[in-house]
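First comes the structure, then the notes that go with it.
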Amino acid sequence: MTLSTADTHRLDDFWQHCLKHQFFNIGYPENADFDYSALERFLRFSINNCGDWSEHSNYVLNSFDFEKEVMAYFADLFEIPREDSWGYVTNGGTEGNMFGCYLARELFPDGTLYYSKDTHYSVAKIVKLLRIKCRAVNALPTGEIDYDDLLAKIAADGERHPIIFANIGTTMRGAVDDIAVIQQRLQDAGIARRDYYLHADAALSGMILPFVDAPQPFTFADGIDSICVSGHKMIGSPIPCGIVVAKRRNVARISVEVDYISASDKTISGSRNGHTPMIMWAALRSHSSAQWRRRVERSLAAAQYAVNRLQAGGVKAWRNPNSITVVFPCPSADIARKYGLATSGDTAHLITTPHHRDNRAIDALIDEVIADARPEVWRATLQRSWQGSAQRLPRTASWNQAAGLGRF
């Protein structure tokens, strides 16, 4: 490849941009703590995982062997016998959600999909693409689905085959919809387990809950029918990716035989990135369960640290159980832009993914959020800090300027 001098300079500029911002993602669930240099040599190949990884294919340049091990790992993690499960490496959470909803629609063609108003925006696209009847359900202040409203709407619709889209960690508040409560309420309403479908969107929390001491229910053993997880979030990947796992008997409904690759296809996209299964495989092979647990513990501790600091500064911050998403009121647009915060309405959040090995970036953001929301509190904090370090030096104009008090 030969590029012009101008194009080379442009790439160099973008390289510097990436170096500057690679660990600065505080508002979005992206983990930059990874090293896949062992896989770089494979970028010279066009690796295409077209078709079903569990079958032989005429297209030989694939990474099916690696994908098979990845899916075995997640079948075990989400408590479904390997022989009863099927799934694949996707290009991200939206594809995983679409796959689950697609299976549900094939099982219950006239069913209505119910999802909370805190659900990821991908669902609005999915119901249009799949032409599924749908109903948005109210969310509780925590971000959980409103169980009373869910059952009221199912009853009002006279729906006998509801498709439930459960959030295992909502986008803005990190809330987990209670699978056990949903199932009990459906049972109380006279809807048998065989008559509804339950998909779990665990894009972020799918690699958190398996490694905490008391997780909320979210696995196949708890009653779900399919689940998706993002690979670029808690795991970390240079390429957006993810996985979806479902019950094999439901997947069989959508299988299509493709003669020219001598295999069947059960996926949404057909031709798929063959590099991302290798990335997922390398991540899972290079971290033990104990190491994943330590990563999760560190991230949860950082989230609680952020809550404590914000609350101490007079900012109403909080987080849901087992969540690394810290919710607080929107700061100024300048702060949100500077730190790349995700905002929705009057709510903002920060997310303590594993690449925040120390709290420097989090502290820098929190300092500005407190100063923006409660300048008088921040001024008092600076005064106490300066008094301690300056050993009670006289409060001159230059002292105030050095302490940053002139702004207030």
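Every listed requirement among (1) within 30 Å of Leu350 (Cβ to Cβ); (2) touching a Gly at 6+ places or on another chain (Cβ under 8 Å); (3) surrounded by fewer than 20 Cβ atoms within 10 Å (Cβ to Cβ) is met by Asn48 save one, (1). In this entry, Trp53 passes the filter for residues that are touching an Asp or Glu at 6+ places or on another chain (Cβ under 6 Å) and among the hydrophobic types (A, V, I, L, M, F, W, C). All of Leu43, Leu103 fail the test of being more than 14 Å from Ile279 (Cβ to Cβ), of a type in the set (A, V, I, L, M) and in the same structural domain as Ile235 (by TED's automatic domain parsing), apart from Leu103.
Checking Ala283, Ala301 one by one, the residue that is surrounded by fewer than 18 Cβ atoms within 10 Å (Cβ to Cβ) and modelled with pLDDT of 95 or more is Ala301 and no other. Looking at region 289-298, is at least one residue small (Gly, Ala, Ser), out of contact with any Pro (no Cβ under 7 Å at 6 or more places or on another chain) and within 16 Å of Asn48 (Cα to Cα)? No; the residues of region 289-298 include none that is small (Gly, Ala, Ser), out of contact with any Pro (no Cβ under 7 Å at 6 or more places or on another chain) and within 16 Å of Asn48 (Cα to Cα). If you filter region 20-38 down to residues that are hydrophobic (A, V, I, L, M, F, W, C) and under 23 Å from the mean Cα position of the chain (by Cα), you find that the one that is surrounded by the most Cβ atoms within 10 Å (Cβ to Cβ) is Ile26. Given the structure, is Ile179 surrounded by 19 or more Cβ atoms within 10 Å (Cβ to Cβ), within 22 Å of Asp118 (Cα to Cα) and hydrophobic (A, V, I, L, M, F, W, C)? When the stated conditions are applied, Ile179 passes them.
For region 329-346, a tally of residues being assigned to a loop (DSSP other than H, G, I, E, B) and free of Cβ contacts under 8 Å to residues at least 24 places away in the same chain returns 3.
In region 137-154, of all residues being closer than 20 Å to Asp195 by Cα and surrounded by fewer than 22 Cβ atoms within 10 Å (Cβ to Cβ), the one that is nearest to the chain's Cα centre (by Cα) corresponds to Tyr147. Search region 75-125 for residues being of a type in the set (Phe, Trp, Tyr) and at pLDDT 95 or above, and hand back the single one that is surrounded by the fewest Cβ atoms within 10 Å (Cβ to Cβ). By that ranking, first place goes to Phe108. Within region 54-74, is even one residue under 29 Å from Ile132 (Cα atoms), modelled with pLDDT of 95 or more and touching a helix residue (DSSP H, G or I) at 6+ places or on another chain (Cβ under 9 Å)? Yes: region 54-74 contains one or more residues that are under 29 Å from Ile132 (Cα atoms), modelled with pLDDT of 95 or more and touching a helix residue (DSSP H, G or I) at 6+ places or on another chain (Cβ under 9 Å).
Within region 385-402, not a single residue is at pLDDT 55 or above and either among the aliphatic types (A, V, I, L, M) or within 17 Å of Ala302 (Cβ to Cβ) (or both).
In the set (1) surrounded by fewer than 19 Cβ atoms within 10 Å (Cβ to Cβ); (2) in contact with a helix residue (DSSP H, G or I) (Cβ under 7 Å, 6 or more places away or on another chain); (3) closer than 30 Å to Pro217 by Cα, the condition left unmet by Gly345 is number (2). Please verify whether Tyr115 is within 25 Å of Ser344 (Cβ to Cβ), assigned to a strand (DSSP E or B) and either in contact (Cβ under 8 Å) with a residue 24 or more places away in the chain or not assigned by TED's automatic domain parsing to the domain that holds Val256 (or both), treating the condition exactly as stated. Yes, satisfied. Put simply, of Val229, Val251, Val245 the only residue that is farther than 30 Å from Ala348 by Cα and in a strand (DSSP E or B) is Val245.
Suppose the filter is within 25 Å of the chain's Cα centre (by Cα), assigned to a helix (DSSP H, G or I) and hydrophobic (A, V, I, L, M, F, W, C); does Val181 pass it? Here the answer is yes, as Val181 does meet what is asked. Consider Gly223 carefully, then state whether it is at positive phi, touching a Pro at 6+ places or on another chain (Cβ under 9 Å) and touching a residue at least 12 places away in the same chain (Cβ under 8 Å). Judged against the criteria, Gly223 is a match. Restricting region 147-166 to residues that are touching a residue at least 24 places away in the same chain (Cβ under 8 Å) and out of contact with any helix residue (DSSP H, G or I) (no Cβ under 9 Å at 6 or more places or on another chain), which is farthest from Asn322 (Cα to Cα)? Across region 147-166, the extreme among qualifying residues is Asp157. Could you tell me which of the residues Trp292, Trp281, Trp318 is without any contact (Cβ under 8 Å) to a residue 40 or more places away in the chain and either aromatic (Phe, Trp, Tyr) or touching a strand residue (DSSP E or B) at 6+ places or on another chain (Cβ under 8 Å) (or both)? Only one candidate qualifies: Trp318.
The values are calculated or read from the model by the stated rules, or taken from the named source; none is laboratory data. Everything quoted here is computed from the prediction, not taken from an experiment. Neighbour counts are summed over all protein chains in view; Cβ atoms, including those assigned to glycine, are modelled from backbone coordinates with ideal geometry.
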